[in-house]
Amino acid sequence: MASPHPGVGRMSGPTGETSMTETRSTCRWGVVGTAGIARKVVRAMHLARHAGPVAIASRNLDRALAFADDHGLERAHGSYEALLADPEIDAVYVPLPTALRREVVIEAARAGKHVLSEKPVAPHVAAAEEMIEACSDAGVQFMDGVMFMHHRRLDLVRERIADLGPMPTLMDSAFTFKADDSFLESNIRTSIETEPLGCVGDLGWYNIRMALVAMGELPARVRARHHAMCGGVPIDTSGELEFEGPDGPRIARFHCSFRHPLRQWVEIVGDEGCLRMQDFVIGSPTEAEILIETESSLTEGDAAHRWTRERLVVEDCVQEAEMIECFSRIAAGMEPVDPQWPRWAMETQRVTDAVMSSASANGADIEIVR
């Protein structure tokens with residue numbers, strides 16, 4: 001009986017020709033690693049119109065075979081190199097641990113594969129620059145896997161921020177979840193060898209990205225503190241990003257933690273109102289909500305207050321599928337390589353590095369050169 005995974009253990013792809021029409025209408029995806037998040041992303045590949053998940057690679061062939069069977073993939077490879085050499089792969093999704101990602105991303109770019117990388121991009125700016133430069137030199141797309149950037153709700157947020165005043169002056173956000181002892185003792189996210197940025201890279205990356213979106217530029221300086229450590233990495237961190245403004249600094253405060261209940265809220269405030277989301281990171285695929293309050297004031301005697309409250313809902317948007325669709329159109333040649341995506345990733349990495357540096361220096365201000 002023929003193997004259901006004809007590419008297993010081989011450095012090349014299966015025999016057979018793929019027409020230019022198929023190549024241009026569908027992005028053929030390979031997945032490097034069998035991390036838990038890969039299951040969610042592969043499901044999104046099946047949902048996206050112009051994506052076709054094709055192959056999985058793991059250093060453990062049995063694990064790759066099981067993943068392929070579970071998720072309807074044609075081929076399983078027993079090494080990352082074999083997948084990168086597969087000529088019938090257009091793009092790769094790389095959910096490997098942060099400390100192991102750099103070499104694979106660079107080799108993927110050199111092999112002509114477009115790269116969707118999990119976040120954080122790298123342990124530090126220097127590695128991120130190498131990865132992004134390799135993709136730029138090869139003419140392939142680089143993007144980090146911040147799914148909320150692709151939710152249609154974010155377009156509405158950008159549009160309605162203007163209703164809050166000339167520019168946002170304050171942003172507060174939290175992304176936390178309560179990890180159990182098993183997570184703290186054995187999860188890769190609390191290991192300095194695999195995820196040296198801890199909760200800052202895993203959760204704070206989203207807080208920082210949202211601040212960059214809301215404020216529209218890099219901060220001038222950053223200050224942060226780690227409140228708890230585990231395995232040599234932060235598991236509870238808060239920080240403040242200071243942006244320049246015409247009437248003084250504009251501030252984005254954040255809290256990210258593995259020690260607190262699930263929270264994923266953001267509040268953006270301007271002179272004329274505020275905008276809130278309770279699920280800004282993992283938005284509801286059925287009804288993603290935005291609350292906007294404007295024209296608010298206290299009544300005489302501070303006995304009550306008045307406001308105009310608006311509830312906006314974006315329906316039927318699976319943000320991970322939207323991310324895959326956006327990327328697939330680029331990788332399949334339907335859209336040009338977009339420099340905004342590596343720019344977002346690099347700016348987020350720079351601020352993340354500054355957060356880590358500040359926390360290591362007892363909350364000292366770290367300047368960011370723009």
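Does CYS135 count as assigned by TED's automatic domain parsing to the domain that holds ILE290, in a helix (DSSP H, G or I) and not aliphatic (A, V, I, L, M)?
Criteria not met by CYS135.
Which members of region 255-277 meet the condition of being in contact with a Cys (Cβ under 7 Å, 6 or more places away or on another chain) and of a type in the set (Phe, Trp, Tyr)?
PHE258
Can you confirm whether VAL222 is touching a Gly at 6+ places or on another chain (Cβ under 7 Å), without any contact (Cβ under 8 Å) to a residue 60 or more places away in the chain and not assigned by TED's automatic domain parsing to the domain that holds ALA127?
So VAL222 fails the test.
If ARG101 meets every condition in (1) within 25 Å of ALA345 (Cα to Cα); (2) free of Cβ contacts under 8 Å to residues at least 12 places away in the same chain apart from one, which number is that one?
(2)
Of MET149, MET143, which residue is within 15 Å of the chain's Cα centre (by Cα), surrounded by fewer than 21 Cβ atoms within 10 Å (Cβ to Cβ) and either under 20 Å from ILE330 (Cα atoms) or among the small types (Gly, Ala, Ser) (or both)?
MET149
Name every residue in region 330-344 that is small (Gly, Ala, Ser) and in contact with a helix residue (DSSP H, G or I) (Cβ under 7 Å, 6 or more places away or on another chain), in order of residue number.
Our first condition is that a residue be small (Gly, Ala, Ser); within region 330-344, this holds for 331-333.
Residues satisfying the conditions are ALA332, GLY333.
Output the number of residues of region 215-243 satisfying the condition of being touching a strand residue (DSSP E or B) at 6+ places or on another chain (Cβ under 7 Å) and farther than 30 Å from ILE188 by Cβ. Before the answer, list the steps.
From region 215-243, those touching a strand residue (DSSP E or B) at 6+ places or on another chain (Cβ under 7 Å) are 215, 217, 219-229, 234-243; that's our starting set.
Keeping just the survivors that are farther than 30 Å from ILE188 by Cβ gives 215, 217, 220-221, 242-243.
Of the residues in region 215-243, 6 are touching a strand residue (DSSP E or B) at 6+ places or on another chain (Cβ under 7 Å) and farther than 30 Å from ILE188 by Cβ.
For the subset of region 315-329 comprising residues that are out of contact with any helix residue (DSSP H, G or I) (no Cβ under 7 Å at 6 or more places or on another chain) and surrounded by fewer than 21 Cβ atoms within 10 Å (Cβ to Cβ), which member is farthest from VAL92 (Cα to Cα)?
Within region 315-329, the match that is farthest from VAL92 (Cα to Cα) is GLU315.
Hey, any hits in region 156-164 for a residue that's at pLDDT below 95, in the same structural domain as CYS317 (by TED's automatic domain parsing), outside any strand (DSSP E or B) and over 30 Å from GLU107 (Cβ atoms)?
yes
Please work out which residue is farthest from LEU170 (Cα to Cα), limiting yourself to region 214-243 and to residues that are at pLDDT 95 or above and in a loop (DSSP other than H, G, I, E, B).
Checking each candidate, the answer is GLY232.
The values are calculated or read from the model by the stated rules, or taken from the named source; none is laboratory data. Small disclaimer: the values here were computed from a predicted structure and weren't measured. So basically every Cβ, Gly included, is an ideal-geometry build from the backbone, and we count neighbours across all protein chains shown.
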